[in-house]
Amino acid sequence: MAKHSAPSAESSRKDRGKAREGKGAARKDRTKAGATRKRDEAVAVKEKKRGLFARMWLFLTQVVAEMRKVTYPTRSETWTYFVVVVVFVTAIMAFTGLLDFGFGKLSALIFG
């Protein structure tokens, strides 16, 4: 196994110079062109900003479009949901009431 030695400072400088003249230079130019293109697109997007009333109208039309997609529950589903909520709330109230009663009795025994 032969160990690779680190390139000398002089040879690496030569290689960098070749990269600038060869493919590396083209790559840098493409990067700069891409960055310029992105900046131009960003400026174009800013120029297309709509007025206040146009934005409000767009918002309202989008709200109406989304509301048309909503599926509302039927009468029987609503009744079922109502019963489930009432039963759950009643159960939580009973549990909390029992805890309150138990802690009240416990504190009466301790503090007399």
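Readers should treat all values here as calculations from the given coordinates under stated rules, not as data from a laboratory. The shown structure was predicted, so the numbers you read here are calculated from the model rather than taken from an experiment. Cβ coordinates were reconstructed from backbone atoms using ideal geometry, including for glycine residues, and neighbour counts include every protein chain displayed.
With N denoting the number of residues in the range 49-111, provide Rg(C-alpha) divided by 2.2 N^0.38 Å, to two decimal places. Before the final figure, lay out the partial values.
Values: Rg = 25.0 Å, N = 63, 2.2 N^0.38 = 10.6 Å.
Compactness ratio reported: 2.35.
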Work out the FRET efficiency for Trp57 and Glu77 from their Cβ-Cβ distance, taking R0 = 41 Å, and round it to the nearest 0.05.
0.75
